[in-house]
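The values are calculated or read from the model by the stated rules, or taken from the named source; none is laboratory data. Please read these numbers as outputs of a predicted model, since none were measured by experiment. All Cβ positions, glycine included, derive from the backbone under ideal geometry; neighbour counts span all protein chains shown.
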Amino acid sequence: MLQDKRDYIKRLIKDLEKMILRFQGLDWVKYREEVATSVEKYLKEIVQIDQEDDAKEMALKVMDLSPKLRYNEIELLVDALIIKGKIENDPKFLESALMILEKLEVVDVMTFSVARHQKIEELKTLLT
């Protein structure tokens with residue numbers, strides 16, 4: 001049963017990755033509603049994030065999945081949080097993403113990621 005849930009989450013993560021890649025080139029202003037609903041669907045399905053959750057609670061829910069997921073899959077969830085925060089202009093999603101990325105920097109010492117550093121700097125800039 002646990003393996004089935006893990007496989008289901010992995011499948012959803014792969015679908016999320018495809019969706020994020022598809023939305024990379026789109027005009028977010030024009031397709032705002034489609035992007036927002038798609039990202040929200042994945043966040044609710046994979047992480048059970050609700051609109052009422054605060055930033056710390058969202059970060060804890062994502063990090064609770066860390067035993068089941070690789071770091072790059074967690075970063076995909078962070079990307080979804082960033083997209084949601086930018087589209088809805090809601091800083092709690094961005095704060096949550098920043099907390100998770102900073103935690104990954106501490107935990108994932110084997111990987112030096114320039115992209116991760118760029119995301120952290122971008123989030124710090126957006127939140128100030």
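A few remarks follow.
- Selection within the range 80-102 - closer than 13 Å to VAL62 by Cβ and either of a type in the set (S, T, N, Q) or outside any helix (DSSP H, G or I) (or both): SER96
- All positions within the range 107-121 that are β-branched (Val, Ile, Thr) and modelled with pLDDT under 75: VAL109, THR111
- Residue match in the range 69-77 (condition: part of a helix (DSSP H, G or I) and of a type in the set (Ser, Thr, Tyr)): yes
- Residues of the range 32-47 include none that is part of a loop (DSSP other than H, G, I, E, B) and over 15 Å from LEU104 (Cβ atoms).
- In the condition set (1) surrounded by fewer than 15 Cβ atoms within 10 Å (Cβ to Cβ); (2) touching a residue at least 40 places away in the same chain (Cβ under 8 Å), THR125 is compliant with all but (2).
- ILE13 fulfils the conditions (1) closer than 21 Å to GLU122 by Cβ; (2) in a helix (DSSP H, G or I) except for a single criterion, (1).
- The range 2-47, residues that are exposed (fewer than 11 other Cβ atoms within 10 Å of the Cβ) and either at positive phi or under 14 Å from the mean Cα position of the chain (by Cα) (or both): LYS18, LEU21
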